[in-house]
Structures are given as structure tokens and as C-alpha cells.
1. Do you know which residues across region B:56-92 are in contact with a His (Cβ under 7 Å, 6 or more places away or on another chain) and of a type in the set (Val, Ile, Thr)?
2. Filter region A:23-59 for residues that are within 11 Å of chain B (Cβ to nearest Cβ) and not in a loop (DSSP other than H, G, I, E, B) and give the result.
3. Looking at region B:347-398, which of the residues that are among the polar types (S, T, N, Q) and crowded, with 20+ Cβ neighbours inside 10 Å is nearest to the chain's Cα centre (by Cα)?
4. Any residue in region B:316-336 that is free of Cβ contacts under 8 Å to residues at least 12 places away in the same chain sitting within a Cβ distance under 7 Å of a residue that is of a type in the set (Gly, Ala, Ser)? List the pairs, counting only those 6 or more apart or interchain.
5. Any residue in region B:51-74 that is within 16 Å of A:SER57 (Cα to Cα) sitting within a Cβ distance under 7 Å of a residue that is hydroxyl-bearing (Ser, Thr, Tyr) and part of a strand (DSSP E or B)? List the pairs, counting only those 6 or more apart or interchain.
6. With β-branched (Val, Ile, Thr), within 17 Å of B:LEU368 (Cβ to Cβ), part of a helix (DSSP H, G or I) and away from chain A (no Cβ under 14 Å) as the only criterion, which of B:ILE247, B:ILE231 stands out?
7. Taking the conditions exactly as written (more than 14 Å from chain A (Cβ to nearest Cβ), at pLDDT below 95 and under 17 Å from B:ILE231 (Cβ atoms)), does B:LEU155 satisfy them or not?
Amino acid sequence: MSLSIDVSRCQGHGRCSLISPKLFDVTDDGLGQVLVPEPEPADTADVARAIANCPESAISFSA
Amino acid sequence: MTTINDPAALQVEDLAPHFDLFDPVHSERLWEVLAYARKACPVLKTDADEGYYIVTRYDHLRAVLEDAETYSSEQAGLRGVPIPMPPLTEDPPRHIEYRRALNKYLSRSFLGRYTGDVHETARELLDDLVPRGGFDFMTDYAVPFTSRNLARVVLDDSNAERIQRAIAIATRISSEGDPQAFFDMAALAEEFLRDRAASGSQRDDVLSAIVNGTVQGRPLTLEEQVGATMIMFTGGLDTTKAALGNIARHLAEDPGLEQRLRDPEWVKGDLDEFLRYESPITFMARTVTRDTELGGCPLKPGDRVAVHYASANRDDSRFGQADRLDFDRERNPHAAFGLGPHRCIGMHFARLQIEIAFNELLSRVTNLRIPAGAHVETAVGIVLSPEHLPVTFDVREP
């Protein structure tokens, strides 16, 4: 399973990074960045919260 | 435009088609009208002003804000804009060029260099306010706090006298909504820009980015530079002030909230629930550029659309029990900072200021409350905020 951000949808709200600075960052260009493409099982809850709270529905976690 | 004699007495379905987003009496029924519209007529046509459509549901709001070709930002203010203010009033293809030039200077990492200054601003204000035993949270704290911080970050000038003038004008804009103040600010912005250009300075900040910026291969005109400076400066005034005021009011009215705001993690989740529940900017505007349809409602070129962020953030189909302030909700992808390419450029700066404003305040006081008999006046129109918020408190032991 791989975590990714659709850059055509991302607007740099940064909610993902606030939820988990370990998994996500926001670059100076104002775009979200996945720091850990293959998160650990312990990160599952944060992955779900990041996806649920992205205003642009830009985050996906898929095979 | 139909004049209504007694808006308070009408059935909501009879008020809605004449609803005036700027009318104080209509606004007393704002949430009721929006709730009605979301269910019965989500793209609500009103004959207020020259007539416009209020977009009340989250999914429709997103459709509008993601489609800049169909919905132009040229007149991003519902009652127009005094001057063009790029990037706010820009559409593709120019819009993205402005954002690319400016995003960096309002990124969290760039703003880190101003953290000390923002703390200092709060401390200076509180040194004066706390010994008084009570103050107006809006005019005495939120307004000067945001004005000084904005002057520091956007104008970042060593000329102290000129910075003071900027702060004074910003205060007039923010507390009085004085239209003349806006033009005084534009004149001052021109002075700042000319001075920065003449100095040949290669400083790396917002003002230099505007002075040196290019769009479609050519430098910005003076008018574009002034407009960009204006929106970067004024864009953060009423907005951040409103967020501070709305949160402070809850803090003052609900003693249980103080512990929540003392947890440093509050800005990572709770803050967003405050912003969803009471969105500081309730609406902005777009102009339809071609024949289209939204939520079953046909729209034609020239139609004016009010994108209502505050309503979208109360949309039950997006946020369960949306009319409840609920810090435990799982999903909160709110639109308080907008959606799509015009997402608030100052968002990180707003969060930083909010975090520090309450961090400093709560380090000095506890048990914030509204004095018995005091009156909280609320603003009407674009900004959702108290105008005045008298507070008292207990001083914390050092």
C-alpha cells in the first residue's frame, strides 16, 4: 500500500502535515509532500485522518 | 430589488428570495435562511443589490471554486473591489504566476523567522492590557496584534515612522471599515514600493517579490504592484482578527474550553473546528463567464455568484451534525480557507498568529470571561466576528 498526493488537486492546506508531521510536509511552493510513502501499521489511524481531512480530497492510500 | 417591510416576520421561504447578505436585520436570520436554502434551494437566487445567486452547499461550492474558467474572480468582492488586487482578482493563466511568486513568503518555513516578533507583539500588548484588569479583546488586542504582525511580515521596512503609519491605517481599515483608509493605504503602499524599487535592494521578502515580479514575461505594472501589496496586507487584517475574536468569545463563554486551548495540540485539530463552525470570511464572489448549470440552476454569463463558505461548512451532507461545535469529529475538511487555487495564501500566517495570540494570553491570565451586563457587538456582512468583545479575567501567578 502506498501513500500519495495528487498534485493537481493539492492546494497546500497542510491539514495532513498538522495531523502527522511524520508522514507529510508542505513545501515552500505551497504543495503537500508525502514523506513516508510506505507507512507502518501504527500510522494507519493518521493516514485515515489525513485523507478524511484534506479539503481537496487529494490524498490516497492504495496498492 | 423588492423592499421588505419586516424581514423578521416573514416565513423563511418568503425572505430567502430577497435575502441581503449585507443587511443587519436580514443577518439576524442568516443561519436559518442558509439552512433552508441548503435543503430547498441550494443555489439561492436573491434580488438583493443587482441580484445574485448564493451557493450554500459544500459540493456546489467546490464545483465553483475549482472551475476558474466558468467562474471568474475578477470581481471577487460581492459588492465589487475598489482596485484590482492580484492574485485575489486574477484568473488563469495569470493567477498561478502570482501565486508562484508569493507562496514561498507565506510558507510555514519562511514565516519561522518572524515567530519571535509575533510573540513580542503579543507581549507588548499584554504588558499594557493585563494590569488594566479588563479590555476589549477586539480593539485592544486582536486588531493591533494583527495589524503590527502584518506590517512586519508584508512591509518589513526599517523606516519605523512609515511602519507606524501603515499600522495606523490598517487599524482604521480593520476597526472602522473606513473606505478612505483603503485609499490611504494604497497611497502608502505605492510609497513603500517606489522606495524598495529605488533602493535596488535584493532582499528576499514579499515586497521585493512584488517589485521584482513578472507576469506573462513582463514586470508588474505599478497598479498591479499596489493591488498585490494591498491584498497581501489587508487580506490578513479582518480575517485573522475575526478568527481570534470568535475563538475568544467561545473561551469567555465556556469555562471548559480553557484547558483545551492550553494543550499545544489544539491548533492541529480544535482550531479547525472553530474555523468550520464560524468561518471568518463568510462569502466571496465570482462572475459566471459562460452558460452553465449548478445544482439544477441555469446560470448565464454575467451572473454574480456568492460562494458562501460559512454555509458550506454547515452542510450536513459533508459534516455530520454540522450545527454542533464538536472537537471530536472525525472528518473536518472545511472550506474556511477556501478551496481550489485561491486557497488563502495567508493561511499559515493566520494559524501562527492565532497560536501565539492565545499562547501568550493564557500564559498571563486565566478564567477569561465577559463582564456581567457587557454587550458583545457582532459584525455583519462578509466578516463573521465580534466587533467588540469586553473581557475580564484572573491574573495568573508567575
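1. B:THR56, the sole residue that qualifies.
2. Here is the first cut: in region A:23-59, the ones within 11 Å of chain B (Cβ to nearest Cβ) are A:25-31, A:45, A:48-59.
Those that are within 11 Å of chain B (Cβ to nearest Cβ) and not in a loop (DSSP other than H, G, I, E, B): A:ASP25, A:VAL26, A:ALA45, A:ALA48, A:ARG49, A:ALA50, A:ILE51, A:ALA52, A:ASN53, A:ILE59.
3. Residues of region B:347-398 that are among the polar types (S, T, N, Q), as a first pass: B:353, B:359, B:363, B:366-367, B:378, B:385, B:392.
Still in the running and crowded, with 20+ Cβ neighbours inside 10 Å: B:353, B:385.
Details: B:GLN353: 13, B:SER385: 10 Å.
Filtering region B:347-398 for residues that are among the polar types (S, T, N, Q) and crowded, with 20+ Cβ neighbours inside 10 Å, the one nearest to the chain's Cα centre (by Cα) comes out as B:SER385.
4. B:GLU330/A:ALA52
5. Partner pairs satisfying both residue conditions: B:VAL64/B:TYR71.
6. On the way: B:ILE231 fails: within 17 Å of B:LEU368 (Cβ to Cβ).
So the residue among B:ILE247, B:ILE231 that is β-branched (Val, Ile, Thr), within 17 Å of B:LEU368 (Cβ to Cβ), part of a helix (DSSP H, G or I) and away from chain A (no Cβ under 14 Å) is B:ILE247.
7. Working: more than 14 Å from chain A (Cβ to nearest Cβ): yes; at pLDDT below 95: yes; under 17 Å from B:ILE231 (Cβ atoms): yes.
Yes.
Listed here are the residues, each with its yes/no results for (1) within 14 Å of chain A (Cβ to nearest Cβ); (2) more than 27 Å from B:THR378 (Cα to Cα).
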{"site": "B:ARG94", "(1), (2)": "no, yes"}
{"site": "B:TYR105", "(1), (2)": "yes, yes"}
{"site": "B:PHE110", "(1), (2)": "yes, yes"}
{"site": "B:GLY116", "(1), (2)": "no, yes"}
{"site": "B:THR121", "(1), (2)": "no, no"}
{"site": "B:GLU124", "(1), (2)": "no, no"}
{"site": "B:VAL130", "(1), (2)": "no, no"}
{"site": "B:ASP140", "(1), (2)": "no, no"}
{"site": "B:PHE145", "(1), (2)": "no, no"}
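The values are calculated or read from the model by the stated rules, or taken from the named source; none is laboratory data. Small disclaimer: the values here were computed from a predicted structure and weren't measured. Reconstructed Cβ throughout: ideal geometry from the backbone, glycine too, with neighbour counts over all protein chains shown.
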